[in-house]
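Contents: one structure, followed by commentary.
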Amino acid sequence: MYHQHTDEAPPAASSAATAPSAHRPFTIERGSFCIARCSCGWTGPARRSRDRARTDAEEHRSAP
């Protein structure tokens, strides 16, 4: 079953002042796996470790 926690939900689209190419990674849960995703379309690998999925998201945010 698909579960998305409110604290891990993608941020709501704000004003037009936000750059469309800005990275806003978030995590979602699918069963026993956690997946990092980004508003730019990037998707990380499915992880059993939620902490590792959050680390993937932060690494993507800081990548050039």
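The values are calculated or read from the model by the stated rules, or taken from the named source; none is laboratory data. For clarity, every value in this text was computed on a predicted model and none was experimentally measured. Glycine also receives a Cβ, built like all others from the backbone with ideal geometry; neighbour counts cover every protein chain displayed. Ligands, DNA and RNA are excluded from the accessible area calculation, which covers all protein heavy atoms including side chains. Shrake-Rupley method; radii C 1.70, N 1.55, O 1.52, S 1.80 Å.
Determine ³J(HN,Hα), in whole Hz, for all residues of region 51-64 in sequence, where each value follows from phi through the Karplus function 6.51 cos²θ - 1.76 cosθ + 1.60 and θ = phi - 60°; x replaces Gly and Pro.
4, 5, 5, 5, 5, 4, 5, 5, 5, 5, 4, 8, 5, x
Can you pull the percent of region 25-64's accessible area that's carbon plus sulfur, 1.4 Å probe, other chains left in place?
Answer for region 25-64 is 50 percent, counting heavy atoms of protein chains only.
What does the charge count around residue 32 come to, taking other residues whose C-beta lies under 15 Å from its C-beta (Lys +1, Arg +1, Asp -1, Glu -1)?
Net of charged neighbours comes to +3.
Would you kindly state how much longer the chain becomes between residue 43 and residue 62 on full extension, computed as 0.36 nm times their sequence separation minus their alpha carbon distance, in nm to one decimal?
Working it through step by step, the gained length comes to 5.4 nm.
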